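S.K.: Here it is: the structure, laid out below.
The values are calculated or read from the model by the stated rules, or taken from the named source; none is laboratory data. Note that the coordinates shown come from a computational prediction; the quantities given were computed from them, not determined experimentally. FYI the Cβ positions are ideal-geometry reconstructions off the backbone, even for glycines, and counts take in every protein chain you see. Ligands, DNA and RNA are excluded from the accessible area calculation, which covers all protein heavy atoms including side chains. Shrake-Rupley method; radii C 1.70, N 1.55, O 1.52, S 1.80 Å.
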Amino acid sequence: MAMSCDRSRKKWQKVLYKDQGVSDNYVDESFLEEMKKNLHIRTYEFWAVVRESNVVMQQIYSVWIFVAVYFHMRNFVLTPQFLFEMSSAVTIVGYIVNFVILHENALTKSRWKDGKTMGIFLILGFSLSPILMTLTKTISTDTIYAMTFFMLLANLLFHDYGTDAAIVSQAFSLNAAIFASICLASRLPTTWHAFSLVTFAFELFALWPILRRNLKIHFPRLQIILSFLLGSVVTVSVATVSSVAVVVFLLLHLFITILCPAWLIRLQPYKNNIHGPWDEAVIKQ
Amino acid sequence: MKHSICMVSDFFYPNIGGVESHIYQLSQCLIERGHKVIVVTHAYGNRSGIRYLSNGLKVYYLPIQPVYNQCILPTVFTTLPVIRNILLRESINIVHGHSAFSALALESIFHARTMNVKAVFTDHSLFGFADLSSILTNKILKFSLAGVNHAICVSHTCKENTVLRGKIDPSDVSVIPNAVDASVFTPTSTERDPEKITIVVMSRLVYRKGADLLASVIPEICSRHSDVQFIIGGDGPKRLAIEEVREHFQLHDRIRLLGTVGHSAVRQVLVRGDIFLNTSLTEAFCIAIVEAASCGLQVVSTSVGGIPEVLPPDMIQLAEPSATSLVESLDKAIAKRRNCQLLSPDGAHDWVRKTYTWQNVAERTEIVYDKISAATEVTLADRLHRYNKCGLVAGKIFIFIAALNYLLLILCNWISPVQNIDLAVDCRKLRRLKTSGVNLEQSS
């Protein structure tokens, strides 16, 4: 009798090679003792999240500016010459700013390479513009608008906002935006219109994100001012096209900047990350 | 009490692996104990139909081809007629599914429960919780385990993992470890090089098995000890990394890369070593270290998953999953070897031979079978209720699937009634006749 009491008082060991006198489905009090929950959880502060959400908003601004420019050209408010001159000037300024920020040495070779790329692109773009005009002539405008919508949505979804997620594909995002610009360009009256819109799209969706990223790394405080500036530009340009659109834009802005962070913070307590000895080990250095 | 057991899995002979040999060995031992065992798996190339393995183990190679990762395409309902037919023909009263990766096993368990046949599920692997594939697989596992009568896991860590993933009662999970055929893995001192200390590595060279750790440990050990050599068996995408290390540090005469080693040749490689190194980042049980211990090698391994539970401290040196910790443990093992402080190879082999036997596994599995056979039957309403608990939306979907399966079963019963199905010949009767010396030709 005393012997069996001794054996039951002996601590149960988590080993497989000893017959510990208990049944195979025995559940010890140390069951799940090594499980840890929510080890690496981050607590979010509301205004910090709001500030960070402007990364998404800036790409949305790009999209809205692009669509607004298209409509302005459609309504003959904006001439292609003006657009081309303005966007080229801004691009050159942006290029110089980027150059200064990165403290790059004045390697004439890479300047020459950039210049060559720009030249090739302009010549190619200009010679292909007549084809772009007639490319989607037989497709109805509604279909074009629908395709543009989905392509710009894809651009927003797959854009690299600085995270490491699997869904990020910068190439796909850029391709979607350029495809959207080609769709819209085909609805414009002359070749000159199409060329200026596509060039503008390239500058906006390919070159602007690079400058934005470098600005964010070197001058993080500038982000809010930049967002305010861009936001006002978008509001003004969209308002002159359609008042419904500007209301939609402002609501979208509110949703992403205020509501989404609040929602994220509200959902944090429900997090249930389980860690334990069954996890794949992370190699420690 | 003798049962009629149907082992189901996508992984079986002619494939060679842990799950495959587990099913085969367990079936053989259960047949020895007097039960009837059949195995159901998918077709392997031309191998389709019914084959018999030793001791009358009947294997049904269902005419379904594997599509991805050696598993069949999961369709849930299309396997019902054929599984129903097999279970009725062979008068099966317990279905035992293996491996959470096997779609066939999970579907067969589902159909068995629809037919009110008892079901057991054995989980052989550890899973995460965080990434998308894990979340989906765990949902499917919840569905399968909601219907199952009992679950078996190969280690305590595996049990904790399964209980958390499948949300089942821990007393419905039994821990029955794997085993090795110790008669195959015997030590011999003649193959070893007495001048050098040989470290054997036998694993696929992939990230999961810690090939990166191996690549960083080798040069460090080789520089610390001049008489150490490595024999690495196995192939994979990380082989290049090991070859680069060999090139960079000029260790051509100290590292031998054998490439893929066939299962029958594993023992020949193991007996050439003094120390077995395992650098896996995750393992539910790790049969390799038990095989190595059975061949008399000292084991050095990363302490992950279920590995700390498998061997006693005098037979294994555990290390953190980092290069420095592994090098330290290897140093200790090498020092012990030099001072002859290690357990003798025969001693280690005897220990493994007595501790991890398939007969023991079969005995403990039989206890599980007896327990579930004695349990009362669950009604359809209870089963649907259990499925409902799997989740807010998922529960309703699962109820729908279970109810539809039940209706399809009624349809199958109407199309091909139970009475019209011929019962298969029970191999046990033939064996009993044979062993009792009756001449079969005369009796017919």
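S.K.: Output the number of residues of the stretch B:342-353 satisfying the condition of being within 14 Å of chain A (Cβ to nearest Cβ) and touching a helix residue (DSSP H, G or I) at 6+ places or on another chain (Cβ under 9 Å).
M.R.: In the first step, residues of the stretch B:342-353 are kept if they are within 14 Å of chain A (Cβ to nearest Cβ); the result is B:343, B:348, B:350-353.
This time we only want the ones that are touching a helix residue (DSSP H, G or I) at 6+ places or on another chain (Cβ under 9 Å), so: B:343, B:348, B:351-353.
Count: 5.
S.K.: Also, I was wondering about something else. For the stretch B:1-115, which helices (runs of 4 or more DSSP H) that fit wholly inside it have 1 or more residues that are closer than 30 Å to residue B:138 by Cβ, open to solvent by 10 Å² or more (accessible area, probe 1.4 Å) and touching a Pro at 6+ places or on another chain (Cβ under 6 Å)? Please lay out each step first, then the result.
M.R.: Working: elements: B:18-32, B:80-89, B:103-114.
Per the criteria, B:103-114.
S.K.: Please verify whether residue A:146 is over 25 Å from residue A:82 (Cβ atoms) and among the hydrophobic types (A, V, I, L, M, F, W, C), treating the condition exactly as stated.
M.R.: Working: over 25 Å from residue A:82 (Cβ atoms): yes; among the hydrophobic types (A, V, I, L, M, F, W, C): yes.
The answer is yes for residue A:146.
S.K.: Let me ask you something else. State all residues of the stretch A:75-95 that are in contact (Cβ under 8 Å) with a residue 40 or more places away in the chain, under 16 Å from residue A:240 (Cβ atoms) and more than 26 Å from the chain's Cα centre (by Cα); if no residue qualifies, say none.
M.R.: The answer is A:75, A:77.
S.K.: Here is a check on your reading of the model: is residue B:392 among the aliphatic types (A, V, I, L, M) and open to solvent by less than 20 Å² (accessible area, probe 1.4 Å)?
M.R.: Details: among the aliphatic types (A, V, I, L, M): yes; open to solvent by less than 20 Å² (accessible area, probe 1.4 Å): no.
Judged against the criteria, residue B:392 is not a match.
S.K.: Say we look at the stretch A:162-174 and pick out the residues that are of a type outside the set (S, T, N, Q) and open to solvent by 60 Å² or more (accessible area, probe 1.4 Å); which of these is nearest to the chain's Cα centre (by Cα)? Don't jump to the end; show me each part of the working.
M.R.: Of the residues in the stretch A:162-174, the ones of a type outside the set (S, T, N, Q) are A:162, A:164-168, A:171-172, A:174.
Then drop every residue that is not open to solvent by 60 Å² or more (accessible area, probe 1.4 Å), which leaves A:162, A:164, A:166-167, A:171-172.
On the way: A:162: 7, A:164: 11, A:166: 13, A:167: 10, A:171: 12, A:172: 12 Å.
The extreme case among them is A:162.
S.K.: So, in the stretch B:237-285, of the ones that are among the polar types (S, T, N, Q) and crowded, with 18+ Cβ neighbours inside 10 Å, which residue ends up nearest to the other protein chains (Cβ to nearest Cβ)?
M.R.: Our first condition is that a residue be among the polar types (S, T, N, Q); within the stretch B:237-285, this holds for B:250, B:260, B:264, B:268, B:278-280, B:282.
Restricting the remaining residues to those that are crowded, with 18+ Cβ neighbours inside 10 Å gives B:278-280, B:282.
Values: B:278: 12, B:279: 9, B:280: 8, B:282: 4 Å.
Among residues in the stretch B:237-285 that are among the polar types (S, T, N, Q) and crowded, with 18+ Cβ neighbours inside 10 Å, the one nearest to the other protein chains (Cβ to nearest Cβ) is B:282.
S.K.: Follow-up. Just checking: which of the helices (runs of 4 or more DSSP H) contained wholly in the stretch A:28-103 hold 3 or more residues that are of a type in the set (Val, Ile, Thr) and surrounded by 14 or more Cβ atoms within 10 Å (Cβ to Cβ)? If you could, list the steps in order and put the result at the bottom.
M.R.: On the way: elements: A:46-52, A:54-74, A:80-101.
Qualifying helices (runs of 4 or more DSSP H): A:54-74, A:80-101.
S.K.: Could you check the stretch A:109-148 and list, in sequence order, the residues that are free of Cβ contacts under 8 Å to residues at least 12 places away in the same chain and open to solvent by 90 Å² or more (accessible area, probe 1.4 Å)?
M.R.: Those that are free of Cβ contacts under 8 Å to residues at least 12 places away in the same chain and open to solvent by 90 Å² or more (accessible area, probe 1.4 Å): A:109, A:112, A:113, A:116, A:118, A:120, A:123, A:124, A:131, A:138, A:142.
S.K.: Just give me the residues in the stretch B:81-122 being over 24 Å from the mean Cα position of the chain (by Cα) and touching a residue at least 60 places away in the same chain (Cβ under 8 Å), in sequence order. Let's see the steps before the verdict.
M.R.: Taking the stretch B:81-122 first, the residues over 24 Å from the mean Cα position of the chain (by Cα) are B:81-82, B:84-85, B:88-91, B:114-116.
Correct list: B:81, B:84, B:85, B:88, B:89, B:90, B:91, B:114, B:115, B:116.
S.K.: With respect to residue A:16, is the statement that it is within 14 Å of chain B (Cβ to nearest Cβ), open to solvent by less than 50 Å² (accessible area, probe 1.4 Å) and under 30 Å from residue B:170 (Cα atoms) true?
M.R.: Values: within 14 Å of chain B (Cβ to nearest Cβ): yes; open to solvent by less than 50 Å² (accessible area, probe 1.4 Å): yes; under 30 Å from residue B:170 (Cα atoms): yes.
Against the criterion (within 14 Å of chain B (Cβ to nearest Cβ), open to solvent by less than 50 Å² (accessible area, probe 1.4 Å) and under 30 Å from residue B:170 (Cα atoms)), residue A:16 qualifies.
S.K.: Further question on the same structure: Kindly provide the set of residues from the stretch B:194-217 that are more than 15 Å from residue B:319 (Cβ to Cβ), within 25 Å of the chain's Cα centre (by Cα) and not in a helix (DSSP H, G or I), ordered by number.
M.R.: B:200, B:202, B:203, B:204, B:205, B:206, listed by residue number.
S.K.: Looking only at residues in the stretch A:270-285 that are without any contact (Cβ under 8 Å) to a residue 12 or more places away in the chain and of a type in the set (Val, Ile, Thr), which one is farthest from the other protein chains (Cβ to nearest Cβ)? Working first, answer last.
M.R.: Taking the stretch A:270-285 as the starting set, the residues that turn out to be without any contact (Cβ under 8 Å) to a residue 12 or more places away in the chain are A:270, A:278-285.
Pick out the ones that are also of a type in the set (Val, Ile, Thr) and you get A:282-283.
Values: A:282: 7, A:283: 6 Å.
Among those that are without any contact (Cβ under 8 Å) to a residue 12 or more places away in the chain and of a type in the set (Val, Ile, Thr), it is A:282.
S.K.: Pick out the one residue from B:333, B:362, B:348, B:374 that is surrounded by fewer than 16 Cβ atoms within 10 Å (Cβ to Cβ) and either touching a Leu at 6+ places or on another chain (Cβ under 9 Å) or of a type in the set (A, V, I, L, M) (or both).
M.R.: Going through B:333, B:362, B:348, B:374 in turn, just one is surrounded by fewer than 16 Cβ atoms within 10 Å (Cβ to Cβ) and either touching a Leu at 6+ places or on another chain (Cβ under 9 Å) or of a type in the set (A, V, I, L, M) (or both): B:374.
S.K.: May I ask you to list the residues in the stretch A:217-273 that are surrounded by 12 or more Cβ atoms within 10 Å (Cβ to Cβ), β-branched (Val, Ile, Thr), under 30 Å from residue A:39 (Cα atoms) and within 19 Å of the chain's Cα centre (by Cα)?
M.R.: If the condition is that a residue be surrounded by 12 or more Cβ atoms within 10 Å (Cβ to Cβ), β-branched (Val, Ile, Thr), under 30 Å from residue A:39 (Cα atoms) and within 19 Å of the chain's Cα centre (by Cα), then A:256, A:257, A:258 are the ones that fit.
S.K.: Consider residue A:173 carefully, then state whether it is in contact with a Leu (Cβ under 6 Å, 6 or more places away or on another chain) and either touching a residue at least 12 places away in the same chain (Cβ under 8 Å) or within 21 Å of residue A:91 (Cα to Cα) (or both).
M.R.: Working: in contact with a Leu (Cβ under 6 Å, 6 or more places away or on another chain): no; either touching a residue at least 12 places away in the same chain (Cβ under 8 Å) or within 21 Å of residue A:91 (Cα to Cα) (or both): yes.
No; evaluated as a whole, the condition is false for this residue.
S.K.: A follow-up question, please. Pull up the stretch B:305-341, narrow it to residues that are among the small types (Gly, Ala, Ser) and assigned to a strand (DSSP E or B), then point me to the one that is farthest from the other protein chains (Cβ to nearest Cβ). Spell out how you get there, then give the answer.
M.R.: Of all residues in the stretch B:305-341, those among the small types (Gly, Ala, Ser) come to B:305-306, B:319, B:322-323, B:325, B:329, B:333, B:335.
Now narrow it down to the ones that are assigned to a strand (DSSP E or B): B:319, B:322.
Working: B:319: 11, B:322: 4 Å.
Per the criteria, the residue is B:319.
S.K.: Read through the list (1) more than 29 Å from residue B:187 (Cβ to Cβ); (2) in contact (Cβ under 8 Å) with a residue 60 or more places away in the chain; (3) open to solvent by 60 Å² or more (accessible area, probe 1.4 Å), then give the number of the only condition that residue B:379 fails.
M.R.: Here residue B:379 clears every test but (2).
S.K.: Shifting gears a bit: Against the condition among the hydrophobic types (A, V, I, L, M, F, W, C) and closer than 20 Å to residue B:406 by Cα, how does residue B:64 come out, does it pass? Even if it seems obvious, please write down each step before you answer.
M.R.: Working: among the hydrophobic types (A, V, I, L, M, F, W, C): yes; closer than 20 Å to residue B:406 by Cα: no.
Against the criterion (among the hydrophobic types (A, V, I, L, M, F, W, C) and closer than 20 Å to residue B:406 by Cα), residue B:64 does not qualify.
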